[in-house]
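Notes to accompany the following structure.
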Amino acid sequence: MQGGELTLRPSAARLLESMRDIGYSSESALADIVDNSISAAATEVRIINDLDVDGHPYLAIMDNGRGMCADELTAAMRHGSRSPREAREAGDLGRFGLGMKTASFSQCRRLTVASRVAGRWEARCWDLDHIVEHDEWLLQVLDRDAISRLPALDSFSGNGTMILWQKLDRLDALGPHPDQIYEALNVMFGTARRHLALTFHRFVAPEPSDDLTRVSISINGAVLEALDPFARLMQPQSDPHELERLRMGNGEIVVQAFTLPHHQRLTAAQLQHLELGSSLAETQGLYIYRAKRLISGGTWLGMARRSELSKLLRVRVDVPTSLDAEWSVDVRKSRVWPPAVVRSRLRPLVERMTKNAQRPYTWRGTREARGSGMPLWQRVSERGAIRYEINREHPLVRHAEVRGEDSADLDALLLAIESTLPLDSLFADVGANPHGVQQSSLDAARIEQLLAAFVEAVAPGSDSIPAATAEAILQTPVFAGNPEARALLSRLRRIEP
Ligand SMILES: Nc1ncnc2c1ncn2[C@@H]1O[C@H](COP(=O)(O)OP(=O)(O)OP(=O)(O)O)[C@@H](O)[C@H]1O
Ligand SMILES: [Mg+2]
């Protein structure tokens, strides 16, 4: 056999069918299309679905971006329209020259792109069934007539582009009846809505420092509200930490941590918003943005563990597209992996941040013991509000836990006691008769029972207790005023000198 070279073209039919399954979800596919609109300087992206004249469902993503002329449109339809090695403008969210095609075919079998520049429409179409039939890359060029029959074009005024998905064979539970079709699209849009609101939140509601043009994104006419994981647009706001800049070869990575407002300060709706469809604990971590577009969020990328204590910590990591070669971004723009040098510089930052994050929990508000001796209650003063809590470190509480009572049950009981203190009636009673409200007085048997619980908690199983401990117990208010207490205690335990 002689050596040499063969031109071996891929089978259009088989390659395209296989590429449908590279792992797009419907929401990541939509996001890939919206990327293109934003790269084309669109300020408005409208996503709609409906039935076409033949009763088949379609989905259209329309923008008012710069549009494409005939040659640009033909080039854009080619798989690999641009090389990932090619340098792009800073705000260009594209990289591979693939997204529009791969994202579309992951959801449908017919992709039509219509674009208008200076009042002139051009349209091209890849129809998978047609390609499979001929096993050839046959791009259809639509004539005026065909263009005029496309749905939704009459809603355009200036330049812009429409990506039209037809033959939507990937929708779940898609039945033949319009009701079933609408139902399937509604389910898909439910998830897509949150995903887009989060992925593009910095474009939808730009912060002044981001220097971005506002983009409105709507689904079937309902404009998306930004889903900002850093609560920058919320009252109460998150606490920003100091900005860190990591200089890399071709660019700079900007890292900023935010501590979310404590969940007790949030309304139920705000908390739900920040939980991003999951929980705070599961969505803590790094949020990685490429050119301000969220790629992945809510992970420590193996640099820290998700912990209940750091659940208010979210860290924004801004990566410019000039670092694409070092950061591996996948075609779907839903995964990135920082290079080793970045990881080694991020790790100490993450460690410090997660350690600091534990502070608002351990030192939330100032706590003061109330009463002398071994007080069970604490007065907690936090941000101007005062509440009373049972000290979880108190020997009686500790002892109950150690004795194997279900500590969750016990904690629930204590919480119930704390949170149901009848403050209103207390205030009213004290107001009416300041000296009439008294601690309940216990008879000798009750005092003995309570004393026994205290000594058992501080010195379980022992027959003596240190004198200092005995004094602390006796100074606790319930015992302090009781003349019998000392004698009772010395009957229960020998008091060490
Ligand atoms: N809505 C749009 N408006 C104007 N031009 C567009 C639009 N959508 C796509 N294009 C053009 O089509 C080209 C191909 O888009 P495609 O999404 O396939 O690749 P890409 O955006 O270059 O890279 P990636 O694969 O990373 O998305 C784009 O580079 C852009 O020039
Ligand atoms: Mg793209």
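Numbers for the structure displayed
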| read-out | value |
| --- | --- |
| Label point at GLN140 placed 7 Å out along Cα→Cβ; residues across region 71-109 whose backbone nitrogen lies under 13 Å | 109 |
| Percentage relative contact order, the chain, counting C-alpha pairs under 8 Å, at least six apart | 11 |
| Two-decimal ratio, region 239-360, of alpha-carbon radius of gyration to 2.2 N^0.38 Å | 1.06 |
| Label-point gap, in nm, between HIS435 and ASP154 - each point 7 angstrom along Cα→Cβ | 8.8 |
| Region 1-160: radius of gyration over Cα atoms, expressed as a fraction of 2.2 N^0.38 Å | 1.11 |
| MRE, 222 nm, helices only [DSSP H, n ≥ 4, -39500 (n - 2.57), over the chain, to nearest 500] | -10000 deg cm²/dmol |
| Gained length - MET234 relative to VAL187, 0.36 nm times residue gap less alpha-carbon distance | 14.1 nm |
| Square roots of 5 times each gyration tensor eigenvalue, C-alpha, region 182-318, largest first, Å | 24, 20, 15 |
| All lysines inside 26 Å of LYS311 as judged from Cα atoms, apart from same-chain residues fewer than 8 positions distant | LYS292, LYS333, LYS355 |
| Inter-probe distance in nm under a simple model that places probes 7 Å from Cα toward Cβ, at GLU252 and SER344 | 2.3 |
| Spatial extent of the chain: Rg and Dmax, with the Cα atoms as the point set, Å | 32.8, 112 |
| Spread of Cα-to-Cα distances over 10 Å intervals beginning at zero, given as percent, for region 422-497 | 18, 41, 21, 15, 5 |
| For region 247-287, Kirkwood radius (reciprocal of mean inverse C-alpha pair distance, Å) | 12.3 |
| Cβ-based net charge around GLY277, under 11 Å, with every Lys or Arg adding one and every Asp or Glu removing one | 0 |
| At 1.567 mPa s and 4 °C, Stokes D of region 193-270 from Kirkwood alpha-carbon radius, µm² per second | 90 |
| Part-to-part distance (alpha-carbon centres) for region 288-323 and region 148-219, which is given in Å | 26 |
| Extension gain from SER322 to SER490, taking 0.36 nm per residue of separation minus the Cα-Cα distance | 52.7 nm |
| Extension reserve of the VAL402-LYS355 stretch, reckoned as 0.36 nm per residue once the Cα distance is removed | 14.1 nm |
| Estimated inter-spin distance, GLU133 and MET19, nm [label 7 Å along Cα→Cβ] | 2.1 |
| Candidate lysines - alpha carbon under 21 Å from LYS167, same-chain residues fewer than 8 apart omitted | LYS101 |
| Vicinal HN-Hα couplings computed from phi for region 143-155 (Karplus, 6.51 cos²θ - 1.76 cosθ + 1.60; Hz; Gly/Pro x) | 8, 3, 4, 5, 4, 5, 8, 5, x, 6, 5, 5, 8 |
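Just so you know, all these numbers are worked out from the coordinates, no wet-lab data involved. Nothing here was measured: the structure is a model prediction, and the numbers come from that model. Note that we place each Cβ from the backbone using ideal geometry, even for glycine, and neighbour counts take in every protein chain shown.
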